[in-house]
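The values are calculated or read from the model by the stated rules, or taken from the named source; none is laboratory data. Just so you know, these numbers come straight off a predicted model, no measurement behind them. For neighbour counting, all protein chains shown are included, and Cβ atoms are generated from backbone atoms with ideal geometry for every residue, glycine included. Note: areas computed on protein heavy atoms with side chains; ligands, DNA, RNA excluded. Shrake-Rupley method; radii C 1.70, N 1.55, O 1.52, S 1.80 Å.
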Amino acid sequence: MVKAVVGANWGDEGKGKITDMLAREADIVIRFQGGANAGHTIVNNYGKFALHTLPSGVFYNHTTSIIGNGVALNIPILMEEIKSITDRNVPVPKILVSDRAQIVMPYHVLFDQYEEERLGGKSFGSTKSGIAPFYSDKYAKIGFQVSELFDEELLKEKVERVAEQKNVILEHLYHKPAIVPAELLDTLHEYRDMIKPYVCDVSAYLDEALRAGKNVLLEGQLGTLKDPDHGIYPMVTSSSTLAAYGAIGAGMPPYEIKEIYTVCKAYSSSVGAGAFVSEIFGDEADELRRRGGDGGEYGATTGRPRRMGWFDCVASKYGCRLQGTTDVCFTVLDVLGYLDEIPVCTGYEIDGEVTTQFPVTAKLGKAKPVFTTLPGWKTDIRGIRNYEELPENCRRYVEFIEEQIGYPITLVSNGPARDDVIYRKSRLKGTK
Ligand code: GDP
C-alpha cells in the first residue's frame with residue numbers, strides 16, 4: 001500500500017511533520033523528486049532538524065529511507081546530512097540510493113550561481129543548489145547516473161566529453177575558470193566511495209516490498225504551484241512536484257498509490273519570485289511571518305524570509321485537484337489564534353471578472369484577490385486533540401475552507417510536534 005504526502009501550494013506547507021507522523025506506520029519512505037534546494041523542518045523527541053535530502057522517515061528504527069531515481073542527488077550534502085543526525089544521537093538510519101539517481105555535479109552548483117549573476121535583477125530566485133542545471137543536463141542526456149560511477153572507462157570518457165562542452169560556456173558566456181577533467185574525475189571517485197554502501201536497484205526492491213505487503217510513503221518536496229507543467233511557470237522548480245510523479249521518481253506502477261495526503265497551510269507563504277495573489281505586506285505580513293510555523297516563516301534551507309499571504313482557496317483547490325487528493329492535511333491552524341478577523345481569498349478578479357479557477361501564468365499576473373472575512377477565535381488551540389473541542393469560529397474556518405476547495409480536510413495540525421494533530425471526519429471523504 002502506497003501513500004503520498006505532497007503540497008498543494010508553493011511548498012513549506014508542513015509536509016515534513018505530516019510525513020514524519022505517517023512514517024510511524026511506514027516500512028519505507030521515499031524521496032522521488034527535487035534535491036537539496038528545499039527543506040523540511042521536523043520536531044521530534046531527538047530535537048529540531050532541517051532535512052534537505054533525507055526522507056523524513058530517518059528518525060524511526062523500523063523504516064528504510066530511499067532516495068529515488070527522480071531526485072537530484074548531491075552526494076557530499078547527503079553525507080553531511082547523515083552525519084548531522086547521527087551526531088545528535090539519532091540511530092544510524094537504513095538508507096538506500098537508487099542506482100539510477102543522477103548526481104548533482106560541482107559545476108551544476110557553479111552554473112546556477114553564474115546564471116543568477118548574469119541575469120542580475122531578472123533572476124528566478126534560485127537557491128543556487130544546482131537544481132536547474134542538473135535537470136537540464138538530465139534531459140539533455142549528459143547527466144551522470146550513480147551506476148556510472150562504477151564503470152571507470154565510461155566515466156573517464158564522459159567526463160572529458162562533458163567538460164569540453166561545458167568549458168565553451170564557462171569561457172565565453174560566464175568568463176569563469178574551465179573544468180579540469182582529471183580533477184573532476186578525482187571528485188567523482190570520492191563520490192563513488194561515499195555512496196557505495198547505499199546503492200540499490202530501487203525499483204526491484206520496491207517491487208518485492210509491495211508484493212510482500214509493505215507500507216510505502218512517498219514524500220514530495222515543494223507543492224503543486226512549483227510544478228514545471230502545472231505550476232506558475234517559469235517561477236517553478238525543475239522536477240514534478242505532483243504525487244503522480246512519485247510513481248516515476250521512485251520506480252513503481254502508478255496504480256499502487258492509493259492515498260494522497262495533500263498538505264495545505266491555514267494561511268499562505270511562498271519563497272522566491274512569482275505570482276502570489278493573496279500576498280500581504282507591511283506590519284500585517286511581518287506579524288504573521290514572526291508568529292508563523294515553528295519560530296517564524298523563514299526558509300529551512302536558505303533562511304530567507306518567506307512572502308506571506310492569507311489562505312488562497314483558488315490556488316489550493318487547484319493544488320489539491322492536480323495532486324489527486326484523497327485527504328487534505330490542514331496545518332499551522334494554531335498560528336492564526338491572534339487574529340480578530342481572518343481574510344480568506346475566495347476568488348480572483350481578472351479583467352473585471354471573478355473566477356475560482358486558477359489561471360495560466362500570463363493571466364495570473366493580472367489577478368486581484370477577492371476576500372471573504374471570517375471571525376477569528378482569539379484563543380490558543382494547541383493541545384486540543386478532539387475536533388469538537390476547537391472553538392466554534394475555528395471549526396467554521398476549517399469548514400468554510402473545505403467547502404471552498406472541495407476536498408476533505410481529515411487532518412488538522414495545531415502545533416509543530418508529532419502529536420499535535422486532530423483527526424476529523426469529513427462528509428466529503430469518499431466523494432472523489
Ligand atoms: P515543508 O517543507 O512542507 O515540510 O514545510 P516546513 O519545513 O517549512 O514546515 C513548516 C514549519 O511549520 C516547520 O517549522 C514546522 O515545524 C512547522 N509546523 C508544521 N505543522 C505545524 C503546526 O500545525 N503548527 C505550527 N505552529 N507549526 C507547524
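Per-residue answers, yes or no, for (1) of a type outside the set (Ser, Thr, Tyr); (2) within 25 Å of the chain's Cα centre (by Cα):
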site	(1), (2)
PRO177	yes, no
ASP193	yes, no
PRO197	yes, no
SER203	no, yes
LEU210	yes, yes
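Within the range 14-28, the set of residues being more than 13 Å from the ligand (Cβ to nearest atom) and not in a helix (DSSP H, G or I) comprises ALA26, ASP27, ILE28. Here is a check on your reading of the model: is GLY295 within 16 Å of the ligand (Cβ to nearest atom) and modelled with pLDDT of 95 or more? In short, no.
All told, PRO343 falls short of being in contact with a strand residue (DSSP E or B) (Cβ under 9 Å, 6 or more places away or on another chain), under 29 Å from GLY246 (Cα atoms) and either open to solvent by 20 Å² or more (accessible area, probe 1.4 Å) or part of a helix (DSSP H, G or I) (or both). Contact map, the range 287-299: first residue among the small types (Gly, Ala, Ser), second residue near the ligand (Cβ under 7 Å from one of its atoms) and in a helix (DSSP H, G or I), Cβ cut-off under 6 Å, separation 6 or more or different chains; pairs are GLY292/VAL335. Scanning the range 190-199 finds no residues that are in contact with a His (Cβ under 9 Å, 6 or more places away or on another chain), touching a residue at least 24 places away in the same chain (Cβ under 8 Å), of a type outside the set (A, V, I, L, M) and closer than 24 Å to THR19 by Cβ. Listed here are the helices (runs of 4 or more DSSP H) enclosed by the range 212-328 that have at least 2 residues being under 20 Å from VAL29 (Cβ atoms), aliphatic (A, V, I, L, M) and open to solvent by less than 20 Å² (accessible area, probe 1.4 Å): 243-250. When the range 338-360 is filtered for residues that are away from the ligand (no atom under 16 Å from the Cβ), touching a residue at least 24 places away in the same chain (Cβ under 8 Å) and not hydroxyl-bearing (Ser, Thr, Tyr), the ones remaining, listed by number, are ASP340, GLU341, PRO343, VAL344, CYS345, GLY347, GLN357, PHE358.
Consider the range 298-337 and keep the residues that are of a type in the set (Asp, Glu) and more than 15 Å from the ligand (Cβ to nearest atom). The one that is nearest to ILE42 (Cα to Cα) is ASP327.
One residue is enough: does the range 361-376 have a residue meeting the conditions more than 16 Å from the ligand (Cβ to nearest atom), open to solvent by 60 Å² or more (accessible area, probe 1.4 Å) and part of a loop (DSSP other than H, G, I, E, B)? Checking the range 361-376: at least one residue is more than 16 Å from the ligand (Cβ to nearest atom), open to solvent by 60 Å² or more (accessible area, probe 1.4 Å) and part of a loop (DSSP other than H, G, I, E, B).
Inspect all residues belonging to the range 61-68 and state whether any of them is more than 15 Å from the ligand (Cβ to nearest atom) and over 21 Å from GLY251 (Cβ atoms). There is at least one residue in the range 61-68 that is more than 15 Å from the ligand (Cβ to nearest atom) and over 21 Å from GLY251 (Cβ atoms). Scoring HIS52 on the criteria (1) under 20 Å from the mean Cα position of the chain (by Cα); (2) of a type outside the set (Lys, Arg); (3) modelled with pLDDT of 90 or more leaves a single failure, condition (3).
Quick one: which of ARG382, ARG427, ARG396 is open to solvent by 20 Å² or more (accessible area, probe 1.4 Å), over 16 Å from SER316 (Cα atoms) and not in a loop (DSSP other than H, G, I, E, B)?
The conditions single out ARG396.
For the range 102-129, a tally of residues being in contact (Cβ under 8 Å) with a residue 60 or more places away in the chain and closer than 30 Å to TYR60 by Cα returns 4. Pull up the range 400-421, narrow it to residues that are open to solvent by less than 10 Å² (accessible area, probe 1.4 Å) and among the polar types (S, T, N, Q), then point me to the one that is farthest from the ligand (Cβ to nearest atom). In this case the residue turns out to be ASN414. For the range 298-324, taking the residues that are under 16 Å from the mean Cα position of the chain (by Cα) and β-branched (Val, Ile, Thr), the one that is modelled with the highest pLDDT is identified as THR302.
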